[in-house]
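What follows is one structure encoded as C-alpha cells, with my remarks underneath.
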Amino acid sequence: MNKTFKIDIVTPTKTIKEENTEYFRAPSHDGLFGVKFGHADATISLDIGEIKIVKEGKEKFYSSSGGFVDIRNNTVEVLVETIEFSSDIDSTRAQKSLDRANDRLKDKLMDEKRAYISLQKALNRLKVAKR
C-alpha cells in the first residue's frame with residue numbers, strides 16, 4: 001500500500017506541488033510538528049522557520065516566513081506569503097538582510113517588533129541555505 005501523500009505550497013505568486021511525500025515537518029507557534037500518511041485533519045498556524053519534506057528517502061528544505069497548513073484526506077496545503085527552496089536562497093542577500101535587521105534593532109526609533117521579525121527571517125534563510 002502506498003503510504004505517501006501530496007503537498008501543495010501556495011504563495012501569492014506560485015504553487016509548488018510535491019507528490020509522493022513520505023514526511024512533512026514544519027514550525028508552528030507551539031513548536032515543530034510532523035505529518036505522515038494518515039495524519040488527522042488539522043489546521044495549524046505556521047511560524048517563521050524551516051520546512052522539511054522527505055520523498056523517496058531524500059530530504060528537501062524550504063525557508064518559510066510563516067502562514068498556515070491545512071491537513072485533510074492525506075493532502076497538506078501550505079499557505080504562505082513567501083517560501084524559498086534551500087538552493088535558491090541568495091546567502092549574500094540574506095546576510096545583508098540580517099545586518100539591516102541588527103542595525104534596526106539598535107535604532108530606538110525603529111519598530112522593535114518588525115525589526116525582530118526581520119532578524120528571525122534572515123537567520124532562518126541563512127540556516128536553510130546551508131542545507
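Scanning segment 1-32 for residues that are part of a loop (DSSP other than H, G, I, E, B) and of a type in the set (S, T, N, Q) yields a total of 4.
Kindly indicate whether Ser64 is among the polar types (S, T, N, Q) and in the same structural domain as Glu19 (by TED's automatic domain parsing). It is true that Ser64 is among the polar types (S, T, N, Q) and in the same structural domain as Glu19 (by TED's automatic domain parsing).
For segment 8-40, taking the residues that are closer than 12 Å to Asp70 by Cα and more than 16 Å from the chain's Cα centre (by Cα), the one that is surrounded by the most Cβ atoms within 10 Å (Cβ to Cβ) is identified as His39. Within segment 33-81, the set of residues being closer than 22 Å to Leu123 by Cβ, among the aliphatic types (A, V, I, L, M) and either assigned to a loop (DSSP other than H, G, I, E, B) or free of Cβ contacts under 8 Å to residues at least 12 places away in the same chain (or both) comprises Ile48 only.
Among the residues making up segment 82-131, a single one is in contact with a Leu (Cβ under 7 Å, 6 or more places away or on another chain), closer than 25 Å to Val54 by Cβ and either polar (S, T, N, Q) or touching a residue at least 60 places away in the same chain (Cβ under 8 Å) (or both): Ser91. Out of all the residues in segment 96-114, which are part of a helix (DSSP H, G or I) and either in the same structural domain as Ile48 (by TED's automatic domain parsing) or more than 16 Å from Asp47 (Cα to Cα) (or both)? Listed by number, the residues that qualify are Lys96, Ser97, Leu98, Asp99, Arg100, Ala101, Asn102, Asp103, Arg104, Leu105, Lys106, Glu112. Consider segment 41-60 and keep the residues that are more than 14 Å from the chain's Cα centre (by Cα) and under 14 Å from Glu77 (Cα atoms). The one that is surrounded by the most Cβ atoms within 10 Å (Cβ to Cβ) is Ala42.
Determine whether segment 25-44 contains at least one residue that is in contact with a Gly (Cβ under 8 Å, 6 or more places away or on another chain) and of a type in the set (Ser, Thr, Tyr). Within segment 25-44, none of the residues are in contact with a Gly (Cβ under 8 Å, 6 or more places away or on another chain) and of a type in the set (Ser, Thr, Tyr).
The values are calculated or read from the model by the stated rules, or taken from the named source; none is laboratory data. Quick caveat, the model's predicted, so the values are computed rather than measured. We place every Cβ from the backbone using ideal geometry, glycine too, and count neighbours over all the protein chains shown.
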